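Contents: one structure, followed by commentary.
The values are calculated or read from the model by the stated rules, or taken from the named source; none is laboratory data. Quantities reported herein were computed from a predicted structural model and do not represent experimental measurements. Cβ: placed from backbone, ideal geometry, glycine included. Neighbour counts: every protein chain shown. Areas reflect the complete protein model, heavy atoms only, side chains present, ligands, DNA and RNA absent. Shrake-Rupley method; radii C 1.70, N 1.55, O 1.52, S 1.80 Å.
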Amino acid sequence: MPSKPLLFFAADVAIWQREGACREVDPDLFFAEGVRGAMRAHLVTQAKKICATCPVIAACREYGVKTQEPYGIWGGLTQPERQTALRGHRWHTPHPQNRRPASDSRARE
């Protein structure tokens, strides 16, 4: 996808965020700032499990990387992983059959 000016890119955010698997999950799971050690590792793992089922993981990941989000899990990536992605590393996106369809309104894990 060609790069768009940030103003237009930001306008697209609301569209894909409405379809995110995380939309009904406590945001603290994705923004475990101040949490350390085993508890933080557990929260990151749980957040990434939700991301792995998300129908908009690629758009979320692209947003997190392009805007250089300093906090949280975006598209299944932590902030250090997004920094690596900025340097050109490609991350595996789960196969679409492993993700919930965007219209699936089941309760989140």
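Listed values, structure above:
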| read-out | value |
| --- | --- |
| Hey, LYS66 open to solvent by 30 Å² or more (accessible area, probe 1.4 Å) and in contact with a Ser or Thr (Cβ under 9 Å, 6 or more places away or on another chain) or not | yes |
| Condition met for THR53 (of a type in the set (S, T, N, Q), open to solvent by less than 60 Å² (accessible area, probe 1.4 Å) and either at pLDDT 90 or above or closer than 17 Å to ARG23 by Cβ (or both)) | yes |
| Residue count for the range 21-73, restricted to those that are of a type in the set (Ser, Thr, Tyr) and in contact (Cβ under 8 Å) with a residue 60 or more places away in the chain | 1 |
| Of all residues in the range 63-94 being in a loop (DSSP other than H, G, I, E, B) and either at pLDDT below 55 or in contact with a Cys (Cβ under 7 Å, 6 or more places away or on another chain) (or both), the one that is nearest to PRO27 (Cα to Cα) | ILE73 |
